[in-house]
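This report concerns only the one structure given below.
Just so it is clear, none of the values below were taken in a lab; they were calculated from the coordinates. All values reported here derive from a predicted model rather than from experimental measurement. With ideal geometry, Cβ positions are generated from the backbone for all residues, glycine too; neighbour counts draw on all protein chains shown.
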Amino acid sequence: MSSTRFRLAGATLALTLLAAAGCSAGEGVDVDGGNGTAAGGVLNAAIGGEPDQLDPHKTSAYYSFQVLENVFDTLVEPDANLEMQPSLATEWTTSDDQLTWTFTLREGVKFSDGTPLTAEDVVYSYNRIIDEKLNTAYKFGTVKSVAASNPTTVVITLSAPTPNLLANLGGFKGVAIVQKANVESGEITTKPIGSGPFAIGGYTSGDNIQLVRNDNYWGERPKLDGVRFTFVSDPTVALQNLRGNEVQWTDNLPPQQVPALLDGDEPTVESVPSTDYWYLALNQARKPYDDVNVRRAIAFALDREAITKAAKFGLATVNQTAIPQNSAFYYEYAPYSHDVNQARQLLDQAGVSDLTMDLMVTSEYPETVTAAQVIASQLEAIGVNVKIRTLDFAQWLDEQGNGNFDSFMLGWLGNIDPDEFYYAQHHSGGTFNFHKYNNPAVDQLLDRARTQTDQGARKQQYEQVAKQIVDDASYIYLYNPDVAQGWSKQVTGYQVRTDRAIRFRDVALTR
Amino acid sequence: MARFVIRRLLQSCVVLLGVTLVVFLLLQLVPGDPVRVALGTRFDPQTYEALRARAGLDQPLVVQYFDYLRRALTGDLGVSFRSGRPVTAIVLERLPATLSLAVTAVLFALVIALPLGIVSAMRSGSFVDHAARVFSQFGVSVPDFWMGIMGILLFAGVLGWLPPSGYVALTEDPARWASHVALPAATVGLVTASILTRFIRSSMLEVLSEDYVRTAEAKGLRTRVVVLRHVLRNALIPVVTVVAVQLASLLGGVIVIEVLFAWPGIGRLTFDAVQARDYPVLQGAVLLVAALFLLVNLLVDILYARLDPRITVK
């Protein structure tokens, strides 16, 4: 076939496509979700996936909390600097022995259905989590009892001093105050009732969740009439939705385009450092990774800047410890300069040569797949042959749980208190110590810092913990990523938060 | 006829029973721990055990299967492991989206493939024939997700004619439904049209060389009559089967396209259920798809009898 004919055929095809799409398109494209009558307007937000359910105590999905952040309240809540501020509780006192905390609740708070929210609801919510061993039960490990001494007073009794109790009770909406009737009717999974700025207005499975303004909200009246969350898993499509004003907000942006978007004008894209950290873990139950010199050799062989550039397109801060720079608990410590000779020497010292290392990553987090390729090429320089294994997340977790790995890369997301950064991961009895790190000195420090009520002493103890963990290369820390979100020019009053909480209560839409 | 339908329905039940067993066993072979996926990154060991028990995953497999079967017989497919909602409701509420996408895509495909296939068979070796072959080669070889993204960039981005993604129910607003279904249906339909064009062309060519066509032409009938009454009617019998198979497989959900266009159909549900290892939902979705497949096949058999009086249903 001649090239002219080929081109003609292509043109015919394009025309057919245009004609076909054009005639089935019907009328114009609706952009405001069909409900643009009221002054405040409805904000359309595209999130990357569908919440599995809306019961804040039973879901662990970030997609759920993106919605629930706007529907529920907690006793206290983190401000922009992640310091705990009053929310449902206006003030609190601690007994001298630090074992009794008394919270005073805001007067006149109502759930969105108009029923009052009292101390009994707080007791019910916390006991539900504790008794039914729901997802956030680990946050109540030291809680002995929760009682309501009157409708606006909640007394929490502890078995040991718990300096991070406020972070546990307010860090995120997984510990929200729910309504007993809503739980018992079973409606909480699809139509939860909270006391937050918005209430659930409708839910179309697979497509969208609509929030409407809660006129019973105790705080400042939200400016928006509602928010409509749609689930768009492809970032290119989500960005297209934002550009076409089908949605006015999204956090599902194609990572490779974010640097250019940050420089651009429309849509507005902003990023802030997050509290997440990404790391490499080596299985210390397997040889030769039980040898600290091998682990340190790998830590020296890595060029973190290059990894960050490839995995996050530069949208991250290199860090050799876990806690990011913007935290009060940040500890500046970076002993591992990128040094191939040092790495080779350490491997020689350990008597290791011709090492083949299995590196497990997951397609659930594409940045681990990209980073793995860079890590593999960097380790090749010190004679370590990396075999990358890419699994789907369910299988990945299975392998991790069974200890079937030499090494893996993953991140910990949404941490606030240093206890969350270290305990479960590095204590020899920690739930998530899958790489079998065991250092009695670290165990002791972690146990002590957990109940240390003097903030200065506590910070110092966690610095010791951080230093030891880095020296032992329990985790080889890589970077703290940024959170990038985008919105249209119409949106005012929105702020990207370092803990990735999505709050629309102060947002307005201009027309 | 009635006896035939009843017998086929009974056979279908046996097939469906087999499907439940095979799916159940296959799921056990798939690595991955649904409890850990559900609990996310932080939890206590006690929380893990409690959820496992609540979901019935600590029961022996045989008990789990017969429990499932017993409830399935009464129409209760269990509850989703992730959302706690009844699977029957979850699966059925996704049906309209998938049905409307599949049917629109097949109609779109027929609108392209029928004229293209017929003309390229009638004018074999002509420009149209070559163009049709290039088209079908293009359609089957270009990945559908790429075609989808290009469609979004062109029609939603550059031209701004269509929304890039999303779904509106046909019953809610037909015009907005149409604007949302256009791109995904065209993407899926293009692939189907490519397959059908080839098939219609070769089926037509075969019939065109039959003796009775030559006879009809020799009798002096006009080409239009020959084609429509003698050729097309006979050529369409095998085509019906292919269209039906295409439709049935589209009813199973077009996973990549549904995910790309944020289309709330069975395909996306299945995809999410696999990711979450939500076994009850996955079983329910597969069961529904199998049932649809059997139903379409039954309809095809009945349609055969209408198209070709020589075929009788026994």
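Summary of computed values
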item	result
Gyration tensor over alpha-carbon atoms, the range A:69-208, equivalent ellipsoid semi-axes in Å	25, 16, 15
Counted charge near A:Tyr331, where neighbours are those whose Cβ lies closer than 12 Å (Asp, Glu -1; Lys, Arg +1)	0
Over the range A:417-506, volume per residue of the alpha carbon convex hull, in Å³	145
Chain A - mean residue ellipticity at 222 nm from DSSP helices (-39,500 (n - 2.57) per run, n ≥ 4, rounded to 500)	-9500 deg cm²/dmol
Dimensionless Rg over Rh [the range A:329-481; C-alpha; Kirkwood]	0.98
Span-rule helices in chain A, defined as complete DSSP H runs reaching 18 Å or more along the axis (Cα) with Kyte mean at least 0.0	A:3-24, A:366-380
Helical mean residue ellipticity (222 nm; -39500 (n - 2.57) per DSSP H run of 4+; nearest 500) of chain B	-24000 deg cm²/dmol
Extent along principal axes [Cα atoms of the range B:209-310; Å; largest to smallest]	66, 28, 18
Amide H within-cut-off set for A:Leu391, under 5 Å, with H built and near neighbours excluded	A:Val361, A:Thr362, A:Ser363
Degrees, to the nearest 10: B:45-54 long Cα axis against longest axis of chain B	60
Distance in nm between pseudo-label sites at A:Glu83 and A:Val318 (7 Å out along the Cβ direction from Cα)	3.3
Euclidean distance between Cα centres, the range A:91-125 to the range B:59-125, Å	48
Using alpha-carbon coordinates, inclination of helix B:279-307 to the longest axis of chain B, degrees	20
Cα gyration tensor shape of the range A:154-260, rounded if a/c is under 1.5, else prolate or oblate by comparing a/b with b/c	prolate
Distance (nanometres) between label positions extended 7 Å along Cα→Cβ at B:Val5 and A:Gln345	8.6
B:Leu95 paired with A:Asp454, simple spin-label distance in nm, labels 7 Å along Cα-to-beta-carbon	6.9
HN-Hα J in Hz across the range B:206-218 - Karplus 6.51, -1.76, 1.60, θ = phi - 60°, x for Gly and Pro	5, 5, 4, 8, 6, 4, 5, 6, 4, 4, 4, 5, 5
Violating pairs (Cα-Cα greater than 28 angstrom) within the set A:Lys58/A:Lys459; A:Lys110/A:Lys223; A:Lys58/A:Lys489	A:Lys58/A:Lys459; A:Lys58/A:Lys489
Surface/4 of the Cα convex hull for the protein assembly as shown, nm²	40.7
Scattering profile of chain B at q = 0.07, 0.10, 0.14 Å⁻¹ [log10 I(q)/I(0), Debye over alpha-carbon scatterers]	-0.38, -0.73, -1.16
Helix axis angle, B:2-29 relative to chain B longest principal axis, alpha carbon, degrees	50
Rounded Å value of the spacing that divides the Cα centres of the range A:147-161 and the range A:213-233	31
Between the range B:133-186 and the range A:178-201, the Cα center-to-center distance that results, in Å	37
Entries in A:Lys287/A:Lys309; A:Lys173/A:Lys436; A:Lys139/A:Lys467; A:Lys173/A:Lys387 that, when Cα-Cα distance is taken, lie over 29 Å	A:Lys287/A:Lys309; A:Lys173/A:Lys436; A:Lys173/A:Lys387
Kirkwood Rh and Cα Rg combined as Rg over Rh, evaluated for the range A:433-484	1.05
Positive minus negative residues near A:Met84 (Lys, Arg vs Asp, Glu; Cβ under 11 Å)	-4
